[in-house]
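For reference, the structure is listed below as structure tokens.
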Amino acid sequence: MQIIRQESHQSDVIDSASQGSPHLELKDISVTFRDRGKPEPVLANISLRVEQGEFVSLVGPSGGGKSTLFHVIGGLVAPSSGSVWLEGGEVTGQKGLISYMPQNHALLPWRTIEDNSILAMEIAGASKQSARQTAREWLARVGLEGYEKAYPHMLSGGMKQRASFLRALLSPRSFMCLDEPFGALDELTRLDMQRWLLRIWEANKRSVLFITHSIEEAVLLSDRIYVLTGRPAGVTKEVTVPFPRPRGDEVVADPAFVALRQEIYEWMRRG
Ligand SMILES: Nc1ncnc2c1ncn2[C@@H]1O[C@H](COP(=O)(O)OP(=O)(O)OP(=O)(O)O)[C@@H](O)[C@H]1O
Ligand SMILES: [Mg+2]
């Protein structure tokens, strides 16, 4: 299944610098907010990497700082120290270089679902007509057929999340940050969407950094998982997920899968 036009950014930097570089690398990122003058450390010396075409998840306790880390990667929050690297070039503080699905769907209320989903393509210079054509094919695949001309307030929470997910998927930026994309879905839809994402990703191998609360979801989808501590968040474990791809439904019942899930749970509990 061919879907997404892969487009590199910073092409001038990439040619010499990106050879052998990870797609994304975070070096020693710390963030301290100030709360009524008092310093509140949220991220503490986070270093991690995502190789080209790799699917990497972050799991960690709520309020730990995971979304803040995505804001740093997207250039929306300046780190107190540390740096962000994409394909061998430093991009700390730069916006617009990654495809990003925020934790709240952030759909624009005045645009239809179709026009919301083409936003990133439009910003990247695609014609509205061809972008809409692509979007229409994809809306059906995420279960939003018939809602092309609807506005966000007419959709359920889960539908809005799917539309937001589609917008990130259709972005021409090759690196995707997905912040709990399936958080608001019921269990069955969530399972469907996980399988669907797995199939798409296995056919296209985009580089993905994925935040989830579900350890099972992380193990099912990922090549590697970083387990984060509570606030201030730091990396406590890095896990390589050994199961071969393509991964079918049977993998979740594999005793090795169950054992790994339990092990990660224990690491998270110990923080
Ligand atoms: N701009 C900001 N200014 C001050 N504090 C902030 C800001 N953004 C986030 N925080 C605080 O940083 C902490 C981490 O928030 P963040 O949203 O990154 O956590 P999270 O790990 O994504 O949580 P969840 O799993 O519930 O989504 C919270 O205590 C939050 O209140
Ligand atoms: Mg969050």
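Roughly what % of DSSP beta bridges within the chain run antiparallel, to the nearest 5? Once the DSSP bridges in the chain are tallied, antiparallel ones form about 55 percent.
Quick check: from the Cα gyration tensor, does the chain come out rounded (a/c under 1.5), prolate or oblate? It comes out rounded by the Cα gyration axes. Net length available on complete extension from Ala253 to Thr240 is 2.8 nm, with 0.36 nm assigned per residue and the Cα-Cα distance removed.
So which of Lys27/Lys237; Lys27/Lys66; Lys38/Lys237; Lys66/Lys205; Lys27/Lys95; Lys66/Lys237 end up more than 20 Å apart by C-alpha? Beyond 20 Å between Cα atoms: Lys38/Lys237; Lys66/Lys205. Of all lysines in the structure, those lying under 17 Å Cα to Cα from Lys149, and not within fewer than 8 positions of it along the same chain, are Lys128, Lys160.
Here the label points at Asn204 and Asp186, each 7 Å from Cα along the C-beta direction, are separated by 2.7 nm in the simple model. Specify whether the C-alpha gyration tensor of the range 124-209 places it in the rounded, prolate or oblate class, a ≥ b ≥ c being the square roots of the eigenvalues: rounded for a/c under 1.5, otherwise prolate if a/b is larger than b/c and oblate if not. Note, shape of the range 124-209 comes out oblate. If you wrap the range 141-260 in the convex hull of its Cα atoms and look at it from every side, the mean projected area works out to 8.9 nm².
Each label was represented as a point 7 Å from its Cα along the Cα-to-Cβ direction; for Arg195 and Tyr151 these points are 3.6 nm apart. Once the Cα-Cα distance is subtracted from the 0.36 nm per residue extended length, the Ser47 to Arg270 segment shows a gain of 78.3 nm.
Cβ crowding within 10 Å ranks Asp186, Asp35, Asp179 as Asp35, Asp186, Asp179, fewest other Cβ atoms first. The distance separating the Cα centre of the range 96-111 from that of the range 136-173 comes to 12 Å. Note on Ala106 and Arg36: the model spin-label points, each 7 Å out from Cα along the C-beta direction, lie 3.0 nm apart. Since only Phe55, Ala253, Leu97 are under comparison, the one whose Cα sits farthest along the positive direction of the charge dipole of the chain, derived from C-beta charges on Lys, Arg, Asp and Glu, is Leu97.
Rounded to the nearest 500, the 222 nm mean residue ellipticity of the chain from helices alone is -10000 deg cm²/dmol, with -39,500 (n - 2.57) taken per DSSP H run of at least 4 residues.
For Phe257, the shell of other residues with beta-carbons less than 10 Å away shows a net charge of -1, using +1 for Lys and Arg and -1 for Asp and Glu. Rounded to the nearest whole Hz, the Karplus-based 3J(HN,Hα) values (6.51 cos²θ - 1.76 cosθ + 1.60, θ = phi - 60°) of the range 146-163 follow the sequence x, 10, 3, 9, 6, 9, x, 5, 8, 10, 6, x, x, 5, 4, 5, 5, 5, with x at glycine and proline.
Charged side chains reduced to their Cβ positions (Lys and Arg at +1, Asp and Glu at -1) give the chain a dipole of some 560 debye around its Cα centre. Loop-located trypsin sites (Lys or Arg not before Pro) in the range 183-241 (DSSP state other than H, G, I, E, B) with a sparse environment of at most 15 neighbouring Cβ atoms within 10 Å: Lys205. Find, among the trypsin sites (Lys or Arg not before Pro) in the range 62-136, those assigned to loop by DSSP (not H, G, I, E, B) with at most 16 other beta-carbon atoms within 10 angstrom. Passing both the DSSP loop test and the Cβ count: Lys95, Arg111.
Taken together, the values in this text are just the output of simple stated rules run on the coordinates, not laboratory data. In this text the structure is predicted, and so the values were computed from the model without any measurement. No Cβ is skipped: glycine too gets one built from the backbone with ideal geometry, and neighbour counts run over all protein chains shown.
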